[in-house]
Amino acid sequence: MLINRIWMFYKLSDFLISLLLIVNGNKGENLMSNSIKDIFDKQSLIKDINEREKIILDYQNRGILDRNSAIKKIQELRIADKDVASVTALKLATFSVPFTQATNKQLVEELIMQRNILQTKLVKSS
């Protein structure tokens, strides 16, 4: 049921982004270019949030964690997102555990932190 809601949210966001693209397309080429970048950035944030949310919910609801997938998502965002990298650097300065030794709970907590940062960025960009 929750997965269906997430999927519906994702499809709705696709529709809304397409609609914004059409509406802003009539306001000039430069605005269109900026709008496309903004839309792409928001779509990327939504995708990253949804990917992390799925992993988090699988763990919280069913106790299932694909460790390799979780670690890959964590590492990708640490490299790609400067805000996540900054928060992670501060966090690692006080406490650090190698991924191979991290518990499932620690990995999920990292994903939750990343999801929260991404959600904040999404709200700020709206």
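The values are calculated or read from the model by the stated rules, or taken from the named source; none is laboratory data. From a predicted model like this one, the values you see are computed outputs, not experimental measurements. In this analysis, Cβ positions are derived from the backbone assuming ideal geometry, glycine residues included, and neighbour counts consider all displayed protein chains. All accessible areas refer to the heavy atoms of the entire protein, side chains included, with ligands and DNA or RNA removed. Shrake-Rupley method; radii C 1.70, N 1.55, O 1.52, S 1.80 Å.
Got at least one residue in segment 12-19 being at pLDDT 60 or above, surrounded by fewer than 11 Cβ atoms within 10 Å (Cβ to Cβ) and over 17 Å from the mean Cα position of the chain (by Cα)?
no
Could you say whether any residue in segment 55-68 is at pLDDT below 95, closer than 20 Å to V123 by Cβ and touching a helix residue (DSSP H, G or I) at 6+ places or on another chain (Cβ under 8 Å)?
Checked segment 55-68: no residue is at pLDDT below 95, closer than 20 Å to V123 by Cβ and touching a helix residue (DSSP H, G or I) at 6+ places or on another chain (Cβ under 8 Å).
Which residues, taken from segment 77-126, are open to solvent by 90 Å² or more (accessible area, probe 1.4 Å) and under 18 Å from the mean Cα position of the chain (by Cα)?
Across segment 77-126, the qualifying residues are I79, K82, V123, K124, S126.
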